[in-house]
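Enquirer: Handing you a structure now.
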Amino acid sequence: MGRLVTTLLVLCLIPPTMCSLAAAHDDLRRGLEQATRGRLLADATPAGGAAVVPIRWSPPYYVANFTIGTPPQPASAIVDVAGELVWTQCSACRRCFKQDLPVFVPNASSTFKPEPCGTAVCESIPTRSCSGDVCSYKGPPTQLGGNTSGFAATDTFAIGTATARLAFGCVVASDIDTMDGPSGFIGLGRTPWSLVAQMKLTRFSYCLSPRNTRKSSRLFLGSSAKLAGSESTSTAPFIKTSPDDDGSNYYLLSLDAIRAGNTTIATAQSGGILVMHTVSPFSLLVDSAYKAFKKAVTEAVGGAAAPPMATPPQPFDLCFKKAAGFSRATAPDLVFTFQGAAKLTVPPAKYLIDVGEEKDTACAAILSMAWLNRTGLEGVSVLGSLQQEDVHFLYDLKKETLSFEPTDCSSLP
């Protein structure tokens with residue numbers, strides 16, 4: 001599991017922007033991790049017990065609107081369940097990516113406070129520099145290209161019905177120009193600087209409406225995070241990890257099996273770890289499971305009458321022309337069985353998606369982990385956002401469990 005962070009960064013190749021952004025903020029992340037964690041929590045205001053945050057599909061991400069500062073300035077951010085930081089672009093940003101809303105202006109907020117030099121947070125950032133007693137940082141370029149720089153700060157955030165004073169990254173320079181729309185990220189991961197930790201939450205949940213319906217989705221924080229409860233509700237424990245393990249930042253589940261229809265394509269021995277992920281729209285399976293999945297789907301949707309495309313559009317590996325002989329209805333369900341016998345069913349409509357301007361091609365929004373071309377990731381699979389649609393997921397951080405149930409997400413209050 002020691003290469004899990006690399007895996008999550010490389011996942012952002014779909015699309016590539018995320019990798020550059022995440023890696024560029026790695027120095028700031030490490031600095032905050034080494035700093036006095038209690039101080040970050042002391043700066044945060046609890047959410048008051050409950051909060052509801054509307055989120056929407058903004059291809060290829062699920063995005064939340066919020067405000068920063070006093071008076072409040074509008075912003076938007078990608079909701080990242082594996083994310084470690086809260087950050088946004090700030091004014092005077094040079095060569096920064098385009099965003100839909102005006103860039104945050106720190107000087108216009110009476111509650112904005114830059115992190116000064118000499119603090120534990122600042123001193124622990126490897127690439128820090130000081131200018132006018134402001135703690136600045138620069139993210140290094142990555143193999144995918146792109147870098148960002150900025151400074152650490154705190155300010156008041158209003159996210160849905162919640163208000164909190166948060167530590168965040170204020171980006172003022174970037175050479176990344178492909179992330180149009182959102183202004184930053186809201187990290188929900190297991191780090192002391194994520195939104196979850198800074199608001200002292202013990203539970204949160206989300207329910208993602210299907211991307212093609214344009215209906216609202218929801219993120220629930222604190223006591224508002226609860227399931228309806230029914231016979232279809234399942235619960236699985238998170239994998240316990242050491243604080244020194246990089247996997248401790250993420251929500252990991254132990255897999256007993258993966259089935260495609262009636263065929264078992266992975267077992268606990270061949271594919272024992274599943275990572276929950278909301279930034280990557282696609283799922284990735286261990287290579288042996290993916291090959292069996294590809295075979296099962298190919299045979300089910302048409303066989304010789306509807307063979308897969310010889311050259312599918314990138315980044316897809318398995319695509320079909322929607323012509324005579326093709327049938328999505330006959331494709332198998334993909335079923336994940338977790339420790340404790342909990343089962344999550346992904347029907348064909350969630351993984352065989354229409355692509356192209358004419359929507360005349362159907363592609364599997366599932367890839368092989370071998371596609372990442374990384375070693376040390378044996379047994380790890382990833383559940384992407386498209387395969388999580390219309391399922392309400394509850395993260396209970398006291399019980400260390402993930403509960404979930406099929407739900408019409410657009411019907412939730």
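The values are calculated or read from the model by the stated rules, or taken from the named source; none is laboratory data. Quick caveat: nothing in here was measured; it's all calculated off a predicted structure. In this analysis, Cβ positions are derived from the backbone assuming ideal geometry, glycine residues included, and neighbour counts consider all displayed protein chains.
Enquirer: Before we move on, is Ala370 assigned by TED's automatic domain parsing to the domain that holds Tyr251, part of a helix (DSSP H, G or I) and in contact with a helix residue (DSSP H, G or I) (Cβ under 6 Å, 6 or more places away or on another chain)? Show your work before the answer.
Expert: On the way: assigned by TED's automatic domain parsing to the domain that holds Tyr251: yes; part of a helix (DSSP H, G or I): yes; in contact with a helix residue (DSSP H, G or I) (Cβ under 6 Å, 6 or more places away or on another chain): yes.
Yes: the conditions hold for Ala370.
The rows are residues; the columns are (1) crowded, with 17+ Cβ neighbours inside 10 Å; (2) of a type in the set (Ser, Thr, Tyr).
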site: Val279; (1), (2): yes, no
site: Ala292; (1), (2): yes, no
site: Glu299; (1), (2): no, no
site: Met309; (1), (2): no, no
site: Pro312; (1), (2): no, no
site: Leu352; (1), (2): yes, no
site: Thr361; (1), (2): yes, yes
site: Ala364; (1), (2): yes, no
site: Met369; (1), (2): yes, no
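Enquirer: A follow-up question, please. Tell me the residue from Gly222, Gly169, Gly187, Gly181 that is at positive phi and in the same structural domain as Pro102 (by TED's automatic domain parsing), please. Before the answer, list the steps.
Expert: On the way: Gly222 fails: in the same structural domain as Pro102 (by TED's automatic domain parsing); Gly169 fails: at positive phi; Gly187 fails: at positive phi.
Just one listed residue meets the conditions, Gly181.
Enquirer: Here's another thing I want to ask about it. Search the range 147-178 for residues being modelled with pLDDT of 85 or more and in a loop (DSSP other than H, G, I, E, B), and hand back the single one that is farthest from Ser223 (Cα to Cα).
Expert: Taking the candidates together, the pick is Gly160.
Enquirer: If I filter the range 390-410 for residues that are surrounded by fewer than 18 Cβ atoms within 10 Å (Cβ to Cβ), at pLDDT below 90, part of a loop (DSSP other than H, G, I, E, B) and not hydrophobic (A, V, I, L, M, F, W, C), do I get at least one hit?
Expert: Checked against the condition, which is being surrounded by fewer than 18 Cβ atoms within 10 Å (Cβ to Cβ), at pLDDT below 90, part of a loop (DSSP other than H, G, I, E, B) and not hydrophobic (A, V, I, L, M, F, W, C), the range 390-410 yields no hits at all.
Enquirer: Now, a different point. Filter the range 191-209 down to residues that are surrounded by 21 or more Cβ atoms within 10 Å (Cβ to Cβ) and in a loop (DSSP other than H, G, I, E, B) and give me whichever is modelled with the lowest pLDDT.
Expert: In this case the residue turns out to be Trp193.
Enquirer: Same structure, new question: So is Thr111 touching a residue at least 40 places away in the same chain (Cβ under 8 Å), within 21 Å of Met199 (Cβ to Cβ), part of a loop (DSSP other than H, G, I, E, B) and out of contact with any His (no Cβ under 9 Å at 6 or more places or on another chain) or not?
Expert: Details: touching a residue at least 40 places away in the same chain (Cβ under 8 Å): yes; within 21 Å of Met199 (Cβ to Cβ): yes; part of a loop (DSSP other than H, G, I, E, B): yes; out of contact with any His (no Cβ under 9 Å at 6 or more places or on another chain): yes.
Judged against the criteria, Thr111 is a match.
Enquirer: On to the next question. Could you give every pair whose Cβ atoms fall below 8 Å, whose first residue belongs to the range 333-359 and is not assigned by TED's automatic domain parsing to the domain that holds Thr264, and whose second residue is crowded, with 19+ Cβ neighbours inside 10 Å and outside any strand (DSSP E or B), counting only separations of at least 6 or pairs across chains?
Expert: Going by the 8 Å Cβ cut-off, there are no qualifying pairs.
Enquirer: Whether any residue in the range 88-95 is assigned to a loop (DSSP other than H, G, I, E, B), under 29 Å from Trp57 (Cβ atoms) and at pLDDT below 85 is what I want to check.
Expert: The initial filter retains those residues of the range 88-95 that are assigned to a loop (DSSP other than H, G, I, E, B), namely 95.
Adding the requirement that they be under 29 Å from Trp57 (Cβ atoms) leaves 95.
Keeping just the survivors that are at pLDDT below 85 gives 95.
Looking through the range 88-95, at least one residue is assigned to a loop (DSSP other than H, G, I, E, B), under 29 Å from Trp57 (Cβ atoms) and at pLDDT below 85.
Enquirer: So which of Ile55, Ile14 is at pLDDT 95 or above and either touching a Phe, Trp or Tyr at 6+ places or on another chain (Cβ under 6 Å) or part of a loop (DSSP other than H, G, I, E, B) (or both)? Write out each step before concluding.
Expert: On the way: Ile14 fails: at pLDDT 95 or above.
Residue meeting the stated conditions: Ile55.
Enquirer: Quick check, is Thr70 farther than 15 Å from Phe168 by Cα and modelled with pLDDT of 95 or more?
Expert: Details: farther than 15 Å from Phe168 by Cα: yes; modelled with pLDDT of 95 or more: yes.
Considered against the rule, which asks whether it is farther than 15 Å from Phe168 by Cα and modelled with pLDDT of 95 or more, Thr70 comes out as yes.
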